[in-house]
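Some notes on the structure that comes next.
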Amino acid sequence: MTTRPNPPAVRLSGVTKAFGAVEAVRGIDLELNPGEIVAFLGPNGAGKTTTIDLVLGLSRPTTGTVEVLGMEPRRAIARGLVAAVMQTGGLLKDLTVRETVAYTASLFADTRPVDEVLERAGIAGIADRRVGKCSGGEQQRLRFAMALLSDPALLLLDEPTTGMDVEGRRAFWSAIRADLATGRTVLFATHYLEEADQYADRIVLVRKGKVVADGTGPEIRALASGRTLRAHLPGADRPTLERIGALGGVDSVETRGDTLIVQAKDSDAVARHLLTETDARDLEITAQGLEEAFLSLTGDAS
Amino acid sequence: MSMTTTTTYDPSARRVPPMGGFNGTVLAIELRRMLRNRRTIVFTLLFPGAMLLAFGGQSGWEERVGSGNVAAYILASMALYGAALTAAAGGSMVALERSLGWSRQLRLTPLHPVVYILMKALVALVMGALAIAAVNVVGALQGKAQMPTHVWIECAVVTLFCTLTFAALGVFVGYVVPGENAMQILGPGLALLSFLGGVFVPLDQYADTVRQVAHWTPMYGVAEIARSPLTHELPWYAVVNAVAWFALFVAGAAWRMSKDTARV
């Protein structure tokens, strides 16, 4: 085999994917290190599912290359090195939970025992239930059980908790968490910032088919953790605005009529300056929540 | 419960399953699924037998046909009808599973798509064999059909292979008609084709023009072939008919499937 000793779990280089005139992925370069838990965070339509399909070899990139553990995606799938929990569908309602897992297990060269996997996914108690009679959360844990069978080196989760209630979400993530000690690389797509922040070592933010930010949770938050200052400042001239802009930690300065709007990490310094060095009054300082940070990074305004 | 705590995965230690994932567990689960399905049981095991009881006792059943009698001729015809219906139902399930996303799920495993179709075809053949056996048991219990044992067996085996045509038709129709409605079309459709193809009523009872049309329909060829061990008659155009329709349905199924696979 012509693989490097420690190839990245996933490597996307210059990947684009177009469906007719629609460009779902517009040039993604991404490398995931073995053992990383990575959140693929972005709003709906950002190209997350399309990218996951490319990593799974379910579709081919229009340009660029996709490698999984140093090999072509379908080769990794054939060796049980990659598994995925998809968003919806994909189950036969008239099979029992155990039959579904046994069916899937029989297709791999090497698998974990069916009972062990049922236990790990927390569905051993409903093994003889028809899939059609399982709740959404139970079906999702069944998909997780199926994904665990081949003991994959890379696990992809596409919006795994969509449509689950709080309890189902907690049960699902506790099952995933119990599994994390094994050194598996996990990539999960989500549009819940909280989920990404809570469970991932690294967050890759995507917007309109491109990576717009990539870093740890705290890093991503710092990117947009500033505050917004608004003040009434009629007739602000250029030098005044430039002096404000030159203050430490100021991201942007703009005026809307007589209103001055400043985005800054160190809001105290800006406030002190405005109140002592300028005629600014009616000063308002608002903190940017994580949610706004996410929106400012992924929204159209950025 | 113990799960080995490995911190690195060695891709080169992983194996690919033999034969593209072909295995007995899947076959067993698929068969169990079919036998649990009430609708399949009615179509496969009960309906064709009931048809035989309805048609097989008409006057003149004891007249000679080839190496048997008219009742044997009707028995062979009904076995074909039952097996065709079963195979078509099995074929349409391929498309249904695709619409449910199960095929996509299977694409996340080493299972080769061709092996999946092969296993489905095998299950359809087993179910077809059950349908043929059911009609034959009903026929034996009725006690009217007479033909030498080897003819009885030959008819059954030939019929079984003829049903592959309808498995392909089932796949094709299943793709064209979305969801679970495929059988709503295949059921009446196959009954109509059976009338036209001389499965329910011998062709020589039709007007000449109808018979000319009938020779071109998909049930005609396979019906002639399935009964040929009994009748010792097999016009060349019946063989051409059977081969042509088989090729057409397989091509149609393959065409729809490849179109569909493009987006998996």
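The values are calculated or read from the model by the stated rules, or taken from the named source; none is laboratory data. Quantities reported herein were computed from a predicted structural model and do not represent experimental measurements. FYI the Cβ positions are ideal-geometry reconstructions off the backbone, even for glycines, and counts take in every protein chain you see. Heavy atoms of the whole protein, side chains included, go into the accessibility calculation; ligands, DNA and RNA do not. Shrake-Rupley method; radii C 1.70, N 1.55, O 1.52, S 1.80 Å.
For the listed peptides B:78-88, A:126-136, B:64-74, A:74-84, a ranking on the average number of other beta carbons within 10 Å per residue, highest first, reads B:78-88, A:74-84, B:64-74, A:126-136. Amide H contacts of A:LEU157 (H built 1.01 Å from N, in plane; Pro and chain starts excluded): A:VAL85, A:LEU187, A:PHE188, A:ALA189 sit under 5 Å, all sequence-distant by 5 or more or on other chains.
Taking amide H positions as modeled 1.01 Å from N, with prolines and chain starts lacking one, the residues under 5 Å from A:ASP251 and 5 or more places away or on another chain are A:GLN263, A:ALA264, A:LYS265.
Applied to the range B:109-126, the Karplus parametrisation 6.51 cos²θ - 1.76 cosθ + 1.60 on θ = phi - 60° returns per-residue 3J(HN,Hα) values of 10, x, 4, 7, x, 5, 5, 4, 4, 4, 5, 4, 5, 4, 4, 4, 5, 4 Hz, with x for Gly and Pro. Legend: mean number of C-beta atoms from other chains within 10 angstrom of residue C-beta atoms, peptide A:74-82, equals 5. In this assembly, the B-A interface accounts for approximately 4100 Å² of buried accessible surface in total, computed with a 1.4 Å probe and without ligands, DNA or RNA. Think of it as helices only: each DSSP H run of n ≥ 4 in chain A is worth -39500 (n - 2.57), and spread over all residues that comes to -9500 deg cm²/dmol at 222 nm. Phi angles of the range B:193-201 translate, via the Karplus equation with coefficients 6.51, -1.76, 1.60 and θ = phi - 60°, into HN-Hα couplings of 5, 5, 4, 5, x, x, 8, 8, 10 Hz per residue; Gly and Pro are given as x.
Using helices alone, what [θ] at 222 nm do you get for chain B, with -39,500 (n - 2.57) per DSSP H run of 4 or more residues, divided over all residues and rounded to the nearest 500?
Working: 12 runs with 181 residues, N = 264.
Taking each H run of at least 4 residues, the total per residue is -22500 deg cm²/dmol.
DSSP beta bridges confined to the protein assembly as shown are antiparallel in about 70 percent of cases. The charge dipole of the range B:20-261, taken about its Cα centre with unit charges on the Cβ of Lys, Arg, Asp and Glu (plus for the first two, minus for the last two), comes to roughly 900 debye. Around the Cα centre of the protein assembly as shown, unit charges on the Cβ atoms of Lys, Arg, Asp and Glu (plus for the first two, minus for the last two) sum to a dipole of about 1260 debye.
Beyond 17 Å, what percent of the Cα pairs of the range A:68-150 remain? Intermediate results must be reported in sequence, preceding the final value.
Details: 1505 of 3403 pairs.
Roughly 44 percent, once rounded to a whole number.
Apply the Kirkwood formula to the range A:142-190: the hydrodynamic radius equals the inverse of the mean of 1/r over all pairs of different alpha-carbon atoms; give it in Å with one decimal.
Numbers: mean 1/r = 0.0885 Å⁻¹.
Taking the inverse mean of 1/r over all distinct Cα pairs, the range A:142-190 comes out at 11.3 Å.
Centre-to-centre separation between the Cα atoms of the range B:101-130 and those of the range A:47-98: 19 Å.
Using the 2.2 N^0.38 Å rule of thumb for compact globular proteins, work out how the range A:141-250 stacks up: its C-alpha Rg over that value, please. Write down the numbers at each step before the final one.
Details: Rg = 20.8 Å, N = 110, 2.2 N^0.38 = 13.1 Å.
Working it through for the range A:141-250, the quotient is 1.59.
Suppose every Lys and Arg Cβ carries +1 and every Asp and Glu Cβ carries -1, with no other charges. What dipole size does chain A come out with about its Cα centre, to the nearest 20 debye?
On the way: 35 positive and 41 negative charges, 190 e Å.
Taking the Cα centre of chain A as origin, the dipole is about 920 debye.
Taking amide H as placed 1.01 Å from N in the peptide plane, the amide H of A:ASP214 sits under 5 Å from that of A:LEU205, each at least 5 places away or on another chain. Over all directions, the projected convex hull of the C-alpha atoms in the protein assembly as shown averages 34.7 nm² in area.
Residues of chain B: accessible area per residue at 1.4 Å, in Å²?
About 46 Å² of surface per residue is accessible.
Note on the range B:86-190: dipole from Cβ charges, positive end direction compared against B:VAL114, B:PHE172, B:VAL151; the farthest Cα belongs to B:VAL114. The phi torsions of the range A:210-222, fed into the Karplus equation with coefficients 6.51, -1.76 and 1.60 and a -60° offset, translate into couplings of 9, 7, 9, 7, 8, x, 6, x, x, 5, 5, 5, 5 Hz, rounded to whole numbers, with Gly and Pro shown as x.
Which value, in Å³ per residue, describes the convex hull spanned by the Cα atoms of the range B:20-261? Don't skip to the end; give the middle numbers.
On the way: hull volume 29.7 nm³, N = 242.
Given the Cα convex hull of the range B:20-261, per-residue volume reads 123 Å³.
One chain, two ends: B:ARG64 and B:ARG15. Fully extended at 0.36 nm per residue, the span grows by 11.6 nm beyond their Cα-Cα distance. Taking other residues whose beta carbon is less than 12 angstrom from the beta carbon of B:ASN37, and scoring Lys, Arg as +1 and Asp, Glu as -1, yields +3.
Restricting to the range A:10-222, what percent of DSSP beta bridges are antiparallel, rounded to 5?
On the way: 20 of 38 bridges.
The answer is about 55 percent antiparallel.
Computed over the range A:118-165, the P(r) curve from all C-alpha pair distances, binned at 5 Å from the origin, holds 5, 20, 30, 23, 15, 5, 0 percent per bin. Counting, for every residue in A:104-115, the Cβ atoms of other protein chains within 10 Å of its Cβ and taking the mean gives 5.
Filter A:LYS93/B:LYS120; A:LYS133/B:LYS120; A:LYS17/A:LYS210; A:LYS48/A:LYS265 down to the pairs with a C-alpha to C-alpha distance above 20 Å, please. Please list the in-between numbers first.
Details: A:LYS93/B:LYS120 18 Å; A:LYS133/B:LYS120 25 Å; A:LYS17/A:LYS210 11 Å; A:LYS48/A:LYS265 30 Å.
The pairs that break the limit, which is 20 Å between Cα atoms, are A:LYS133/B:LYS120; A:LYS48/A:LYS265.
Given the convex hull over the Cα atoms of chain A, what projected area results after averaging over all orientations, in nm²? Let's see the in-between values first.
Numbers: hull surface 78.2 nm².
One quarter of the hull surface, i.e. the mean projection, equals 19.5 nm².
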